Amino acid sequence: MKITYLGHASLLIQTKNHRIVVDPFVSANELAKDKVDLDSLQPDYILLTHAHQDHVLDVEVLAKQKNATIVSNYEIAMHYGAKEFNVHPMNHGGSWNFDFGTIQYVNAVHTSAFADGSYGGQPGGFIIVADGKTIYIAGDTALTLDMKLIPMRHKLDLAILPIGDNFTMDYKDAAIASDFVECNRVMGYHFDTFGYIEIDQAEAKKHFQTQQKELVLLAIGASMAV
Ligand code: NI
Ligand code: MN
């Protein structure tokens, strides 16, 4: 698996044969819009953790590129299904085998509504198992004890956790979350995009280092292998 950071909570995940975009928010992200070429993303799948604008803004333009399948909770899937997009609805605890691998939709503690206030179901995160690797994408969430359920079923190679504080947990809670999910390799996201979530990146990395953990903070457009 190859993971490219598209800024904020947006990711491009490339498996052997598929391209998966998560929570696309690029065109209105001042930090990302000149560094990420939306035309080049060409996803086969788009995964959405919840309906907030900073996670779904660029869904429709990307879904049209290759007729991508939008995977999210039931309510978000129905929202896009009504607009004639391909969708796959899921809900908490459920797994599905896709042609690239398996996804489980797991709990997150947050809220979920579209920009117009309409209901966006309950927010979640994703466990993705593909190419022999397992990653956890937490979505926007507080630290929650539910994370302790994940390693009872999954051996994670990477946990992607929000670290920006204010709307989600901060990097200190993310370090605790990495204990809960039993994965010391963490990629931080959902930070620095706007004033509420600016962080001291050096302090965050140091906090992880002192606990013998790794916090990866990719530059926008940069990639890592899992
Ligand atoms: Ni949110
Ligand atoms: Mn958010």
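The values are calculated or read from the model by the stated rules, or taken from the named source; none is laboratory data. Keep in mind the model is a prediction, meaning the values are calculated, not measured. Quick reminder, even Gly has a Cβ in these numbers, built from the backbone with ideal geometry, and neighbours come from all protein chains shown. Protein only, heavy atoms only, side chains kept; ligands, DNA and RNA dropped before computing areas. Shrake-Rupley method; radii C 1.70, N 1.55, O 1.52, S 1.80 Å.
Restricting to the range 19-36, name every residue that is away from ligand 1 (no atom under 15 Å from the Cβ) and open to solvent by less than 30 Å² (accessible area, probe 1.4 Å).
Ile20, Val21, Val26, Ala32, Val36
I need every pair where a residue in the range 37-55 that is under 19 Å from Ile160 (Cβ atoms) and modelled with pLDDT of 95 or more has its Cβ under 7 Å from the Cβ of a residue that is open to solvent by 30 Å² or more (accessible area, probe 1.4 Å) and near ligand 1 (Cβ under 8 Å from one of its atoms), sequence separation at least 6 or different chains.
Short answer, once both residue conditions are applied: His50/His110.
Identify all residues within the range 78-115 that are within 16 Å of ligand 2 (Cβ to nearest atom) and either touching a helix residue (DSSP H, G or I) at 6+ places or on another chain (Cβ under 8 Å) or hydrophobic (A, V, I, L, M, F, W, C) (or both); write none if there are none.
Answer for the range 78-115, where residues must be within 16 Å of ligand 2 (Cβ to nearest atom) and either touching a helix residue (DSSP H, G or I) at 6+ places or on another chain (Cβ under 8 Å) or hydrophobic (A, V, I, L, M, F, W, C) (or both): Ala108, Val109, Ser112, Ala113, Phe114, Ala115.
Taking the stated definitions as given, is Ser118 free of Cβ contacts under 8 Å to residues at least 12 places away in the same chain, open to solvent by 30 Å² or more (accessible area, probe 1.4 Å) and away from ligand 2 (no atom under 16 Å from the Cβ)?
When the stated conditions are applied, Ser118 does not pass them.
Based on this model, can you work out whether Lys2 counts as more than 21 Å from Ala138 (Cβ to Cβ) and surrounded by fewer than 22 Cβ atoms within 10 Å (Cβ to Cβ)?
Against the criterion (more than 21 Å from Ala138 (Cβ to Cβ) and surrounded by fewer than 22 Cβ atoms within 10 Å (Cβ to Cβ)), Lys2 does not qualify.
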